[in-house]
1. For region 62-81, does any single residue satisfy the condition of being in contact (Cβ under 8 Å) with a residue 24 or more places away in the chain, exposed (fewer than 12 other Cβ atoms within 10 Å of the Cβ), among the charged types (D, E, K, R) and out of contact with any His (no Cβ under 8 Å at 6 or more places or on another chain)?
2. Which residues, taken from region 110-135, are under 21 Å from Val25 (Cβ atoms), open to solvent by less than 30 Å² (accessible area, probe 1.4 Å) and not in a loop (DSSP other than H, G, I, E, B)?
3. Any residue that is in a helix (DSSP H, G or I), of a type in the set (A, V, I, L, M, F, W, C) and farther than 23 Å from Gly107 by Cβ - is there at least one of those in region 32-54?
4. Whether any residue in region 66-77 is part of a loop (DSSP other than H, G, I, E, B), within 19 Å of Val32 (Cα to Cα) and of a type outside the set (Val, Ile, Thr) is what I want to check.
5. Would you mention how many residues in region 127-145 are farther than 25 Å from Asp63 by Cα and among the β-branched types (Val, Ile, Thr)?
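The values are calculated or read from the model by the stated rules, or taken from the named source; none is laboratory data. This structure is a prediction, so every number in the text was calculated from the model and none was measured. Cβ atoms come from the backbone with ideal geometry, glycine included; neighbour counts cover every protein chain shown. Quick note on the areas: whole protein, heavy atoms, side chains included, nothing else; ligands and nucleic acids left out. Shrake-Rupley method; radii C 1.70, N 1.55, O 1.52, S 1.80 Å.
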Amino acid sequence: MGSAATRYIASFIVEVFSDFLRFSVHQNDLTVEEVAIICLVAAESTREVRKNPFATRNFGSEDDVLPNDVRPSVPLKYIHTSLGMSRETTRRKVSALVERGFLRRSGAGVMFPAQDGDSDQTREIRLFLARKVDVLAEYLARLPD
């Protein structure tokens, strides 16, 4: 892949991230720090969908969601050290996100709860991101070798 493609991909990802951030901040009345916390916890809570072929096949589509009981708990220490936030600020923000239903307490930390039915707060953003990935794939397929 030539440098033109890498620059396009980088620009594309920054655009998607920027759109996602604006959507999250305005649509859900979140701060940038809260979005970062949710993203980190969601990535860790849904890791199996990306890493385990069985989970990908069974829970990677819109039809079924990875159950809460198999989602790993993300410790507060992991969150605040990964994001470079103070422990107390992270604790307060995580507690507020739990109260608002964005995160759920689980084990020794929190998890991103299964998004389905009336509690699905992410459908619009999942569809947006899937469309963006399709656009990127179409562009990459047209690139000369």
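1. Step one: filter region 62-81 for residues in contact (Cβ under 8 Å) with a residue 24 or more places away in the chain, giving 62, 65-68, 71-76, 78-79.
Right, trim to exposed (fewer than 12 other Cβ atoms within 10 Å of the Cβ) and you get 62, 67.
Okay, now just the ones that are also among the charged types (D, E, K, R), so 62.
After this cut, where a residue has to be out of contact with any His (no Cβ under 8 Å at 6 or more places or on another chain) as well, the list is 62.
Yes, some residue in region 62-81 is in contact (Cβ under 8 Å) with a residue 24 or more places away in the chain, exposed (fewer than 12 other Cβ atoms within 10 Å of the Cβ), among the charged types (D, E, K, R) and out of contact with any His (no Cβ under 8 Å at 6 or more places or on another chain).
2. Result: Val110, Ile125.
3. Kept after step one, since they are in a helix (DSSP H, G or I), are these residues of region 32-54: 32-45, 47-51, 53-54.
Right, trim to of a type in the set (A, V, I, L, M, F, W, C) and you get 32, 35-43, 49, 54.
Remaining after also requiring farther than 23 Å from Gly107 by Cβ: 32, 35.
The answer is yes, given that some residue of region 32-54 is in a helix (DSSP H, G or I), of a type in the set (A, V, I, L, M, F, W, C) and farther than 23 Å from Gly107 by Cβ.
4. First pass over region 66-77, keeping only residues part of a loop (DSSP other than H, G, I, E, B): 66-67, 71-73.
Checking the rest, the ones that are also within 19 Å of Val32 (Cα to Cα) come to none.
No: region 66-77 contains no residue that is part of a loop (DSSP other than H, G, I, E, B), within 19 Å of Val32 (Cα to Cα) and of a type outside the set (Val, Ile, Thr).
5. Looking only at region 127-145, we keep the residues that are farther than 25 Å from Asp63 by Cα, and these are 139-145.
Filter once more, keeping what is among the β-branched types (Val, Ile, Thr): none.
Total meeting the criteria: 0.
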